Amino acid sequence: VVSTQSTEAVVSTQSTGDLEEVLHTETVFTNVSRGEIAKTADLKKAFNTDDMAKVCLIILEKGEFQLSEKERQTAFNSKYTEIAANISTMCINPATQRPYPVSLVEQAMKDAHISVKPNKSAKQQALEVIKVLKETIQIDRVKMKIKISMTMGDAKKCKDQIKALFTSIISEDNDGQFELLGLSEPGHYKQLSELVGKHSRGKGTCEVIGVEETAESAVFNS
């Protein structure tokens with residue numbers, strides 16, 4: 001029987017073996033409401049051991065963990081807010097160049113009928129949710145500030161392809177060494193890195209040196 005006040009400790013218990021933190025009792029029941037304790041023969045058949053502590057660890061590791069309705073709702077709300085917070089950090093309203101408050105992101109998620117997947121990370125879900133929110137609100141990913149550096153000879157082979165992956169160019173130097181500084185969508189970084197690496201035979205560089213300055217950061221940094 002798992003303590004409902006210690007559900008977050010289950011994962012650590014799997015590695016430490018400290019059952020007292022999460023269990024009311026190490027007794028294994030076939031029907032806890034009727035107080036029916038599992039028979040030794042049944043334990044050996046199902047778990048290859050009749051050691052109650054070992055059986056409890058196996059159940060915690062491989063069994064299906066059942067949350068109460070209250071715990072399930074708390075976990076859902078926490079994950080929902082975490083997803084919204086990720087989106088608020090990763091995106092801006094292109095009209096204002098400011099991040100959306102978390103509360104507004106949560107409302108937009110509710111309006112779009114976004115459901116939370118408990119076994120998926122908040123960041124991964126945030127990336128998926130952004131695509132859905134683009135259909136209902138003005139929202140853009142904060143762009144990366146990327147610097148490209150390679151020889152002019154190597155740059156000639158891929159210069160146009162590289163520049164096409166930038167939304168705006170901050171500076172460009174073609175004097176001996178090709179150096180480009182600009183803003184690009186986060187999803188383009190891998191492609192840029194591969195282009196530079198391929199055409200420079202690993203000698204060129206593609207590095208993220210920051211993110212674009214939003215209206216909000218401009219105010220706070222001034």
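The values are calculated or read from the model by the stated rules, or taken from the named source; none is laboratory data. Since the model is a prediction, treat every value here as computed from it, not as a measurement. In this analysis, Cβ positions are derived from the backbone assuming ideal geometry, glycine residues included, and neighbour counts consider all displayed protein chains. The accessibility values were calculated without ligands, DNA or RNA, using every heavy atom of the protein model including side chains. Shrake-Rupley method; radii C 1.70, N 1.55, O 1.52, S 1.80 Å.
Out of the chymotrypsin sites (Phe, Trp or Tyr not before Pro) in the range 26-108, which ones are loop residues according to DSSP with at most 12 other C-beta atoms within 10 Å?
Numbers: sites: PHE29, PHE47, PHE65, PHE76, TYR80; in loops: PHE65.
Those that pass, being in a loop and sparsely packed, are PHE65.
Taking the alpha-carbon centroid of each part, what is the distance from the range 45-112 to the range 145-176 in angstrom?
42 Å
Dividing the alpha-carbon radius of gyration of the range 145-205 by 2.2 N^0.38 Å (N being the number of residues), what value is obtained?
Working: Rg = 10.3 Å, N = 61, 2.2 N^0.38 = 10.5 Å.
Computed over Cα atoms of the range 145-205, the ratio equals 0.98.
Run the quick spin-label model on ASP173 and LYS70: label points 7 Å from Cα toward the beta carbon, then report their separation in nm to one decimal.
Going from the ASP173 label point to the LYS70 one covers 6.3 nm.
Which FRET efficiency, nearest 0.05, do ASP160 and GLU213 yield, Cβ-Cβ r, R0 30 Å? Walk me through the numbers before you get to the answer.
Working: r = 27 Å, r/R0 = 0.90.
It comes out at approximately 0.65.
What number comes out for accessible area per residue over the range 20-168 if the probe is 1.4 Å? Units Å², please.
63 Å²
Please work out how much length the chain gains when fully extended from LYS123 to THR151, using 0.36 nm per residue of separation minus the C-alpha to C-alpha distance, in nm with one decimal.
On the way: separation 28, 0.36 × 28 = 10.08 nm, distance 3.67 nm.
Between LYS123 and THR151, full extension yields 6.4 nm more.
Which of the lysines could be linked to LYS120 by a straight reach, that is with a Cα gap under 25 Å, when you skip same-chain ones fewer than 8 residues away?
List returned: LYS62, LYS70, LYS79, LYS110, LYS131, LYS134, LYS143, LYS190.
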